[in-house]
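The structure under discussion appears below in the form of structure tokens.
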Amino acid sequence: MSRLPGKRARPVLRGPRRSNTPGLPDEQWFGVLTRRLLRRGDFASRDDLEQQIIDFTPNHNATATPYQWRYDAAAEHAHYLDRHPAGQPEPATDALPTAA
């Protein structure tokens, strides 16, 4: 949460993606690494951390399964069309409003 003086607390969103959709394969890998090793780990040194990551990788790869995408583009498009009725968009005007 970010709190500025005199302002309400609000979540700080970092990065270009702000959804719960799965990311790229490397993002998924670092998520698994974080959840299963780094958050629970107790590392005596940087070399110990490196060794635990190296030991974790083959064990994870032996039991990993491919990610099953469940996104249905046709259903999402139909939902979009339901929310946005057909019609022409308002033309953009580059003119500034005139003063009275």
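The values are calculated or read from the model by the stated rules, or taken from the named source; none is laboratory data. No experiment lies behind these values; they were computed from the predicted model shown. All Cβ positions, glycine included, derive from the backbone under ideal geometry; neighbour counts span all protein chains shown.
Given the condition exposed (fewer than 12 other Cβ atoms within 10 Å of the Cβ) and in a helix (DSSP H, G or I), answer yes or no: does some residue in region 37-46 qualify? Yes: region 37-46 contains one or more residues that are exposed (fewer than 12 other Cβ atoms within 10 Å of the Cβ) and in a helix (DSSP H, G or I). With respect to the conditions (1) within 17 Å of residue 28 (Cβ to Cβ); (2) at pLDDT 75 or above; (3) under 21 Å from the mean Cα position of the chain (by Cα), residue 72 lacks only one, and its number is (1). Every condition in (1) under 23 Å from the mean Cα position of the chain (by Cα); (2) modelled with pLDDT under 60 is met by residue 24 except one, and the failing one is (2).
Scanning region 38-75 for residues that are among the aromatic types (Phe, Trp, Tyr) and out of contact with any Ser or Thr (no Cβ under 8 Å at 6 or more places or on another chain) yields 43, 56, 67, 69. Screening 43, 30 for residues that are of a type in the set (Phe, Trp, Tyr) and within 26 Å of the chain's Cα centre (by Cα) leaves exactly one candidate, 30.
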